[in-house]
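Here the structure is laid out as structure tokens; the discussion comes afterwards.
The values are calculated or read from the model by the stated rules, or taken from the named source; none is laboratory data. Computed from a predicted model, the values in this text were never measured in an experiment. Cβ coordinates were reconstructed from backbone atoms using ideal geometry, including for glycine residues, and neighbour counts include every protein chain displayed. The accessibility values were calculated without ligands, DNA or RNA, using every heavy atom of the protein model including side chains. Shrake-Rupley method; radii C 1.70, N 1.55, O 1.52, S 1.80 Å.
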Amino acid sequence: MTTTIANIITDELLNPTFEMTRQYLKILEVKYEDNKPKIAKIDFNEKQNQATAYIEVNNESFYLEFVFDTTDNIQLTGVDTLPFVGISFMPTSERLTTDELLKITSVKPSKTITKGDFFSNGKFEYTYNGLEFETFSEPGRLKTKLKYLLDILETDLEGIKQLSKQTNTKDIFVIIVYHIGNGNFTGLYLDNEILNRVARLGLALTFDIYATGEKFATK
């Protein structure tokens, strides 16, 4: 099925049958690997007989999204973009060492920060110690990615609460990067279950929202 989906996407990009495909190809460049569109991920929803493939875009963090009906023959039913969503909780301290922070919770961080280490650009040093807990890096929607991180943090509810208290860090940072398209951005919805889970951890949500790329060409 994966090979069939990849072939259909390749054909659609070479000979568009959807108007949305034509519109997107006018303003963005798909990333290729071995002469095939680079697929970042394919999600399969067996209950809805649906598959969704996410294609990487050159010089952008959002994805081109292809939706398929898999009921009988695999058929392309829609083309859109999926925003990049990055979510992390990063408690930091100038007083506590990295080792001391690690002892507060049993949750293993995605990354540790030690005062004096250099940023990835190699130009600046960290002036604090810290732990970073991140959601998965693959394409995904806001609700799915946030639930994934909350599942991790909730494995040590009291430890995360203490970590938040001792570092005075409450924010879960959510970065969303949309394709600017027609300037209409949707999908910012969180239900009570998620909000209650965040509250039980004693944390809060902070959003940074961006729009990049080119707008749709006007006629």
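Can you confirm whether the stretch 170-182 contains a residue that is among the small types (G, A, S) and either loosely packed, with under 15 Cβ neighbours inside 10 Å or touching a Pro at 6+ places or on another chain (Cβ under 9 Å) (or both)?
Taking every residue of the stretch 170-182 in turn, none turns out to be among the small types (G, A, S) and either loosely packed, with under 15 Cβ neighbours inside 10 Å or touching a Pro at 6+ places or on another chain (Cβ under 9 Å) (or both).
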Exactly one of D99, D72, D34, D117 is over 23 Å from the mean Cα position of the chain (by Cα) and on the phi > 0 side of the Ramachandran plot, and that one is D34
Taking K145 as meeting all but one of (1) open to solvent by 10 Å² or more (accessible area, probe 1.4 Å); (2) of a type in the set (K, R); (3) assigned to a helix (DSSP H, G or I), write down the number of the exception. (1)
Checking N196 against (1) in a loop (DSSP other than H, G, I, E, B); (2) open to solvent by 80 Å² or more (accessible area, probe 1.4 Å); (3) over 30 Å from V30 (Cα atoms), which test does it fail? (1)
In the stretch 13-48, what residues are assigned to a helix (DSSP H, G or I), out of contact with any Phe, Trp or Tyr (no Cβ under 7 Å at 6 or more places or on another chain) and either over 12 Å from L64 (Cα atoms) or not aromatic (F, W, Y) (or both)? L13, L14, E19, M20, T21, R22, L25, K26
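Residues checked against (1) under 16 Å from S164 (Cα atoms); (2) part of a loop (DSSP other than H, G, I, E, B); (3) open to solvent by less than 80 Å² (accessible area, probe 1.4 Å):
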{"position": "E60", "(1), (2), (3)": "no, yes, yes"}
{"position": "L76", "(1), (2), (3)": "no, no, yes"}
{"position": "V79", "(1), (2), (3)": "no, no, yes"}
{"position": "G86", "(1), (2), (3)": "no, no, yes"}
{"position": "L101", "(1), (2), (3)": "yes, no, yes"}
{"position": "S106", "(1), (2), (3)": "yes, yes, no"}
{"position": "G116", "(1), (2), (3)": "no, yes, yes"}
{"position": "F136", "(1), (2), (3)": "no, yes, yes"}
Answer with yes or no whether E29 is touching a strand residue (DSSP E or B) at 6+ places or on another chain (Cβ under 8 Å) and open to solvent by 20 Å² or more (accessible area, probe 1.4 Å). yes
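This table checks each residue for (1) within 27 Å of A6 (Cβ to Cβ); (2) of a type in the set (S, T, N, Q).
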position	(1), (2)
G78	yes, no
T81	yes, yes
F84	yes, no
I104	no, no
F119	no, no
F136	yes, no
L142	yes, no
K145	yes, no
D156	no, no
Could we say that K170 is in contact with a strand residue (DSSP E or B) (Cβ under 8 Å, 6 or more places away or on another chain), closer than 18 Å to S110 by Cα, in contact (Cβ under 8 Å) with a residue 60 or more places away in the chain and not assigned by the TED database to the domain that holds Y63 here? no
From the list D156, D99, D151, D117, exactly one residue is of a type in the set (D, E) and closer than 27 Å to L188 by Cβ. Which is it? D151
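Before we move on, is S88 touching a helix residue (DSSP H, G or I) at 6+ places or on another chain (Cβ under 8 Å) and among the hydroxyl-bearing types (S, T, Y)?
yes
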Residue among N45, N49, N7 that is open to solvent by 40 Å² or more (accessible area, probe 1.4 Å) and either aliphatic (A, V, I, L, M) or more than 26 Å from K145 (Cα to Cα) (or both): N7
